[in-house]
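I have placed the structure first, in the form of structure tokens, so that the comments after it can refer back to it.
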Amino acid sequence: MKTVEHEIHIAASPETVWNILTDLESYADWNPFIPNAEGTIERDARLRVRVEPPGNRPMTFKPRVKIVEPNGRLVWLGRLFVPNLFDGRHEFIIEPAVDGVRFLQRETFAGVLVLIALDVESVERGFEEMNEALKRQAETVA
């Protein structure tokens, strides 16, 4: 198993950050790491997500939403073909903080291909770019 995460302080309310994060149709306008996402943010819904990690090839997958806690946490689980081959549990966590929120993006990878197929540095850069873009978007709206 391998975990990648990045956190950032955003000077906006949890509601503002949540609304931007869950407006999948607008990802193309601001999100460099996940420029396309489709579906409904509700438990057990299937999404269609395209990720474009910096310096790596784009990938489209269909994760299932596992947890929806408005203004607090969104979790989905994606798999490559079959369970335990290359699984990714992606979490977005919004926590109230002084003058805004602490936003944490985390992915826990598991499966037999993780050690040979995961480019950790590319994923880390993608998380950082997305978090910075979310910060700019939320602070502009706020």
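What the table below lists for this structure:
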item: List M59, M1, M130, ordered by accessible area with a 1.4 Å probe, largest first; result: M1, M59, M130
item: Globularity ratio of the stretch 21-65, using Cα Rg and 2.2 N^0.38 Å; result: 1.13
item: Length-normalised contact order for the chain - Cα pairs under 8 Å, 6+ apart - percent; result: 33
item: Chymotrypsin sites (Phe, Trp or Tyr not before Pro) lying in DSSP loop within the stretch 21-110, provided at most 15 other Cβ fall within 10 Å; result: F81
item: Karplus-derived 3J(HN,Hα), 6.51/-1.76/1.60, for each residue of the stretch 70-77, Hz, glycine and proline x; result: x, 6, x, 7, 10, 9, 10, 10
item: DSSP-loop GluC sites (Glu not before Pro) across the stretch 9-67, with at most 10 other Cβ within 10 angstrom; result: E42
item: Average Cα contact separation per residue, the stretch 28-111, under 8 Å, 6 or more apart, as relative contact order %; result: 17
item: Estimated inter-spin distance, V141 and N19, nm [label 7 Å along Cα→Cβ]; result: 0.6
item: Mean residue ellipticity (222 nm) of the chain, computed from DSSP H runs ≥ 4 via -39,500 (n - 2.57), nearest 500; result: -8000 deg cm²/dmol
item: Nearest-10 value in Å² for the accessible area of R46, using the 1.4 Å probe; result: 120
item: Solvent-accessible surface ranking, highest first, for T16, T40 at 1.4 angstrom; result: T40, T16
item: R102/R46 FRET efficiency (R0 22 Å; Cβ-Cβ; nearest 0.05); result: 0.15
item: Rounded to the nearest 10 Å², the accessible area of E52 at probe 1.4 Å; result: 70
item: Whole-percent pair-distance distribution, where bins are 5 Å wide, for the alpha carbons of the chain; result: 2, 10, 19, 26, 21, 13, 6, 2, 0
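The values are calculated or read from the model by the stated rules, or taken from the named source; none is laboratory data. Predicted model only: the values in this text are computed from it and were never measured. Note that we place each Cβ from the backbone using ideal geometry, even for glycine, and neighbour counts take in every protein chain shown. For the accessible areas, the whole protein counts, side chains as well, though only heavy atoms, and no ligand, DNA or RNA atoms are used. Shrake-Rupley method; radii C 1.70, N 1.55, O 1.52, S 1.80 Å.
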